[in-house]
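Everything below concerns the one structure shown next.
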Amino acid sequence: MIARIVNRLLSGWIGGGLLGVLVLVLLLLPVVLEGQSYWLHLLFTVFLFAVFGHAWNLLAGYGGLLSFGNQVFVGLGGFALALVFYYSPLDVWSSLPFAGLAGLLFAWLLAIPLSERLAGRNLWKPIVIAVALWIAYEVLVFYVPAADVFGSSYVRRVSILLLIFLGALPLLRLQGAYFAIATWLVAESVATVFNEWQVVGAGGGMQIKSDVTLRQLYYVSFALLVIATLVIWRLLRSRYGLALTAVRDDEEAARTVGVDIRRMKTVVFLLAGLFTGLAAGLYYMDAVIITPPAAFTISWSAYFVFVVVAGGMGTVAGPIIGAVIFVIIDRLLAGYTGKGLLVLGLASIVLMFVMPRGVMGIVNWLRHLGPDETAQTRQRWKHFGQVLLGVGGRSNSRALDTQPGVVAAFLVPGSPLPALVRDNPAWKPLIDGYESARKALAAAKPDVIVLYSTQWLAVLDQLWQGRPRIAGQHVDENWHEYGAMRYDLRIDTNLARACVAAAAEAGIKSRLVDYDSFPIDSGTIAAMGFLNPHKDVPVLIAANNVYHDFDTTRRLGEIAVEQAIAQGKRVAVIGVGGLSGAIFREEIDIAQDHIASATDDTWNLDILRLMEAGKTEELLAELPQFVREARADFGMKHLAWLLGATSGRLGPAKVLAYGATYGAGAAVVQFSVG
Amino acid sequence: MNEDLYWMFIDIANGLLSGSMLGGYYAVIAIGLALNFGVMRLVNLAHGDWLILAGYLAVALLSVAPISPFLTLILVIPVMYAIGYLIQRVLLNRVSVQAAERKGLSPSFGLMSPLLVTFGMSIVIAQGLLAVFDSNAVVIRNDLSYAAIRLGEDLSVSTLRLIFFVIAVVMLIVVQFFLRATHMGRAIRAASDDPEIAALMGMNADKVYAVASGISLATAGVAGVMIGMSRSFQPFDGPTFLLIAFGVVILGGLGSMAGALVGGLILGIVQVLAGTYFGPSAQLVGGYILILLVLAVRPQGLFAR
């Protein structure tokens, strides 16, 4: 219910309409608030800090580059504006682009060592050119002292040396704390130069005395915010954006799939420099006085961190919301206490513990209070009503539909082949089998599918998929010639979390995987594509840890269903995996696909017969031999999952289809339950 | 000509000598950070502010009881240990990669959260100090500030710096001995090598981390009093010392105790020489450039395994 309201508010024409109204109000506000400059100034500050936050978020939230040195762009942008305005005939608005340019150029300087052409050994060439230019300049200054824009030989030499250094050191390659400290050191080094530089007033700073009005600043900063937001939004929706999140989540993995990491980092770094520089220019137009200690202070980073963390790191709206919170705390609350930064510091520590994903984290949580949760609530109310009216749940035929428990169980092939080549006549029976299973599944009206795939291999822990919605394309490792498989899955994350906790309690080390574009295995994709094509039912996906034996897997199935029932859900159980195995020893014409050997065939039929007869005891007794002799898929752990999920009461089965997938045995089996 | 050569040698000798003495002082500043990182893989961005807090503790104590500044350590060390222990137990053990995973957050966030929390802590400490004391610079008065030991006609060494150097060496030996020879020390090293295995062996990793963090802040207490005795300081000076400490640790290799002394010596000598030849303001920037260079070329430190 809440989720639906929140989703409505945030998307579609209602969301768009609200956003449009907000923009309109903000545009008209200066006219309405004629003369009340206090509120306009607060909003102006919000806009600027939202832009600063966007820049920092681009690095930290998307690029995984935690920067404590963004103040260098603030200082350079502010001083670039002051210098151009003071020393050139340009007016203050024409000087503003130089603020952005300064940030951009400095970011570019730092990014040079990352570029493709200069990778590795080629870097010495630009260094040699730079040193040669420097010597030429020193000679020039010796004969024509007026050419020295630095004012003193010390500042000149240190600045040039520092620039060459920064242009040559691959600082952007650093990660985590190293990157944070390196950026901070860069900012401090630049600050020491500005402290000495007579041209920028040495430590005393400069003034930007212009005739800008607050209303102009308001509109320009608003425009900057809108542009920055749109650019970042576009960037994240492009191919770059996807690659970027991949880099953030796992740089190694991203590199192996061919993401150009250097290029990604360069792009975000340049944008961060540009936006921070422009916003700093606007900030100092309003502040008028700029001094090196204040412009390059680490406090800026403290502000940026707060803005982004409070709003929600790694979200587009986060920095905007964070900027509002920042201004409220810093300007309004601190106005009463006089301890702005103290409150800010405390607030950011508390935030990290209470809501590490910021306000946007809460909004997303509300959005994903999916139908499963609503179903659960409905279930509780129904139960409450039954108790109240004295109507027994079981005597009420309509209530049967909503009784929690296992309502369907299926064994489906692990091979993706039928899903990849749907028109192969040899696999037609399997596809038809899937279709019958789909109808049976839909008729059982489950609230959740609990699926175990032998094809999702895990080594360290028991993994459970934990991302609310995961969509993308997957190319099977063995069958890449048949093309990519699309998938779009809705995950029951509440159940997944409960399973992680319950499994850990049972001594099975478990972990939730909650990463963007985490690879989904072919078996799961095929099964979901056939059985749950419209993703009507959310799913729980458990991995196959190769070190877990049959009994552990059985225990996992049991845990998953226990937790689902505890949440009041009707469960459909699916075990994904094949029967007899086959080694690709010889080429098989897929149109004539057949079980690799007659022995395998006999074994498969024998096992299926025991399933149909519902003779679980005998089945379990024969299983070890079957696994050994027919090299069965992963020790038939998918069957263990089904057994566990039904607490060992696996009823007589109906074999919907049996066939071969490149020589290996495959079957679609529906078990009766209850 | 001979005169020039003589002064050149004196300059270099002075640079090496006072640089080394400065290096000892830098090593004390950095031990805590190195220990923190070595054991908990935690980069404590509030380290500099803890140093300053310890300095203020000594100042507050001296304003009540006029004793020798060295005696303030009797109180400062245990207080700092207690703070370190509690902070680790209450706050920092809850923000780690593992903790983030338990909450279902991405690992990159897990790496960031301790940095963000200690960064917030740094702001809170500095602002808290500003609220209690004020922004005027303070100093811990002592008789040794201007005393020097003359080694030759134009060569001398500050008595205070020499004492600091000796303290640095003694502290490094004590910490190293503690880590190698005591039960708790071994537990700390085990936990730093592999927290999961250590937990399997029945160790309470949370407690081990808390002790390590306590020791780290205890060393910060010594360093803070040293800072106060050798120069004046203000509530906001923390970040400057954090950068020095970080520089030392980068040069020596994160988490290495002996590396801290070597790193301190290198940084001290480079800074003093840069100051001698290019003027006082080159001291800072020279140090920064050195650290950036090492970061870029050998981020694991010059002497890391």
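Yes/no matrix, rows are residues, columns are (1) touching a residue at least 24 places away in the same chain (Cβ under 8 Å); (2) surrounded by fewer than 20 Cβ atoms within 10 Å (Cβ to Cβ); (3) away from chain B (no Cβ under 14 Å):
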{"site": "A:Leu172", "(1), (2), (3)": "yes, no, no"}
{"site": "A:Gln175", "(1), (2), (3)": "yes, yes, no"}
{"site": "A:Ala182", "(1), (2), (3)": "yes, no, no"}
{"site": "A:Val199", "(1), (2), (3)": "yes, yes, yes"}
{"site": "A:Gly204", "(1), (2), (3)": "yes, yes, yes"}
{"site": "A:Val212", "(1), (2), (3)": "yes, yes, yes"}
{"site": "A:Leu217", "(1), (2), (3)": "yes, yes, yes"}
{"site": "A:Val226", "(1), (2), (3)": "yes, yes, yes"}
Quiz item: List the pairs whose first member sits in segment A:593-606 and is over 16 Å from A:Tyr662 (Cα atoms), whose second member is in a loop (DSSP other than H, G, I, E, B), and whose Cβ atoms are under 7 Å apart, counting only residues at least 6 apart or on separate chains?
Solution: A:Trp603/A:Ser580; A:Trp603/A:Ala630
Exercise. Working only within segment B:244-300, note down all residues that are hydroxyl-bearing (Ser, Thr, Tyr), facing another protein chain (nearest Cβ under 9 Å) and closer than 25 Å to B:Trp7 by Cβ.
Key: B:Ser281
Quiz item: Considering segment A:600-626 alone, what residues qualify as being under 25 Å from A:Asn424 (Cβ atoms) and not acidic (Asp, Glu)?
Solution: A:Thr602, A:Trp603, A:Asn604, A:Leu605, A:Ile607, A:Leu608
Practice problem: Restricting attention to segment A:433-476, report how many residues are of a type in the set (Asp, Glu) and more than 24 Å from the chain's Cα centre (by Cα). | Solution: 2
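Just checking, which of B:Leu71, B:Leu16, B:Leu35 is buried (at least 20 other Cβ atoms within 10 Å of the Cβ) and either in a helix (DSSP H, G or I) or within 16 Å of the chain's Cα centre (by Cα) (or both)?
Unique residue meeting the criteria: B:Leu35.
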Practice problem: Go through segment A:604-632 and count every residue that is out of contact with any strand residue (DSSP E or B) (no Cβ under 8 Å at 6 or more places or on another chain) and part of a helix (DSSP H, G or I). | Solution: 19
Quiz prompt | A:Leu161 being within 14 Å of chain B (Cβ to nearest Cβ) and within 38 Å of the chain's Cα centre (by Cα) | solution = no
Practice problem: Identify, from the list B:Ile149, B:Ile163, the residue that is closer than 19 Å to B:Leu16 by Cα and surrounded by 17 or more Cβ atoms within 10 Å (Cβ to Cβ). | Solution: B:Ile163
Exercise. Could you tell me whether any residue of segment A:480-496 is surrounded by fewer than 21 Cβ atoms within 10 Å (Cβ to Cβ), within 17 Å of A:Asn544 (Cα to Cα) and under 23 Å from the mean Cα position of the chain (by Cα)?
Key: no
Exercise. Collect the residues in segment A:154-205 that are touching a Pro at 6+ places or on another chain (Cβ under 7 Å) and among the hydroxyl-bearing types (Ser, Thr, Tyr), keeping them in residue-number order.
Key: A:Tyr178
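Per-residue answers, yes or no, for (1) over 31 Å from the mean Cα position of the chain (by Cα); (2) at pLDDT below 90; (3) not β-branched (Val, Ile, Thr):
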| position | (1), (2), (3) |
| --- | --- |
| A:Tyr62 | no, yes, yes |
| A:Gln71 | no, no, yes |
| A:Leu76 | yes, no, yes |
| A:Phe79 | yes, no, yes |
| A:Val84 | yes, no, no |
| A:Tyr87 | yes, yes, yes |
| A:Ser95 | yes, no, yes |
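Residue by residue, here is whether (1) farther than 20 Å from B:Ile125 by Cβ; (2) assigned by TED's automatic domain parsing to the domain that holds B:Ile83; (3) hydrophobic (A, V, I, L, M, F, W, C); (4) not in a helix (DSSP H, G or I) holds:
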position: B:Ser216; (1), (2), (3), (4): no, yes, no, no
position: B:Ile227; (1), (2), (3), (4): no, yes, yes, no
position: B:Leu242; (1), (2), (3), (4): no, no, yes, no
position: B:Leu251; (1), (2), (3), (4): yes, no, yes, no
position: B:Gly268; (1), (2), (3), (4): yes, no, no, no
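The values are calculated or read from the model by the stated rules, or taken from the named source; none is laboratory data. Quantities reported herein were computed from a predicted structural model and do not represent experimental measurements. Neighbour counts run over all protein chains shown; Cβ positions are idealised from the backbone, glycine included.
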